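Let me begin by presenting the structure, written as structure tokens, before commenting on it.
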Amino acid sequence: MASFHLSVKNGRKGTAANHAAYIARQGKHGTADKKADLRLVSHGNLPEWAEGDPFVLWRAADKYERANGAAYREYELALPGELSLEKNTELARAFIEKHVGNKPYQLAIHAPIAAFGKIPQPHMHLMICDRKPDGIFRLPEQFFSRHNPNHPEIGGCKKDSGGKSKQEMREQLAFVREDWARMQNSVLAQNGHSARVDHRSHRDRGIDHPPEIHLGRFAINKMTDEEKMQFQERRNGKAAHQVNET
């Protein structure tokens, strides 16, 4: 069933290349069991010096980004389980075109099997370099240096978030959340599915049910068959209530 999830995090310097390997299921993260949920890996808008390899970009970010700077920003978004991989890939690329633009990125789509219910849970990891290309060629060390607004050719590539207040960043995130729900619902409708998602909290929607607690695989494995059945009945009841409210 389609459900809404969008989270954003900043990755500190020194963590970018390892996280990129994690979402791409490469290196120490490329074991057979971890690769089992990988459905797609792609990238785009890399600087010329990266030569088409996103790991060159992330290793450079880890090396040259300033000490307290973010080496990457990551969106993690749930994808509708009702859609095929092809349709979810199109949806992911539409999000990138609209909300990433020409910034360098790496995309991975995973579809692990849920411990409870044994159904796929498709979602995407979208790592973004916040340095916005401006047509000026820079080698890696300069690319990640501080931007010079008066003489951009001698400074680094400007960060897209540079100069924005916390309030502006919150407003931008609120817009992205709402737009992501709108994009999913449009594709679901176009493909004949009745499921819909809502970016608003339960409180904002006037729903009294508390948010569902994420149990985790370990807790689910300890449940008896009766407990699993009761949990599923509560989940189905809540889902029916939410449908009636929309």
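Summary table
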{"item": "Which of CYS157, CYS129 has the fewest Cβ neighbours within 10 Å, and the rest in rising order", "result": "CYS157, CYS129"}
{"item": "Note, ³J(HN,Hα) from phi for region 157-165, Karplus 6.51, -1.76, 1.60, rounded to Hz, x at Gly and Pro", "result": "6, 5, 6, 5, 8, x, x, 8, 6"}
{"item": "Packing-based exposure ordering (other Cβ within 10 Å, fewest first) of SER145, SER7", "result": "SER7, SER145"}
{"item": "Listed peptides 106-113, 9-16 by packing density, highest first (mean Cβ within 10 Å)", "result": "106-113, 9-16"}
{"item": "Net lengthening on full extension, ARG196/MET169 (0.36 nm per residue, minus Cα-Cα)", "result": "7.1 nm"}
{"item": "All lysines inside 23 Å of LYS118 as judged from Cα atoms, apart from same-chain residues fewer than 8 positions distant", "result": "LYS34, LYS35, LYS87, LYS222, LYS228, LYS238"}
{"item": "Spatially proximal lysines relative to LYS132 (Cα-Cα < 26 Å; intrachain offsets below 8 disregarded)", "result": "LYS9, LYS13, LYS63, LYS98, LYS103, LYS158, LYS159, LYS164, LYS166"}
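Each reported figure results from applying straightforward, stated rules to the coordinates on display, with no laboratory input. Since this is a predicted model, take the numbers as computed values, not measurements. Neighbour counts are summed over all protein chains in view; Cβ atoms, including those assigned to glycine, are modelled from backbone coordinates with ideal geometry.
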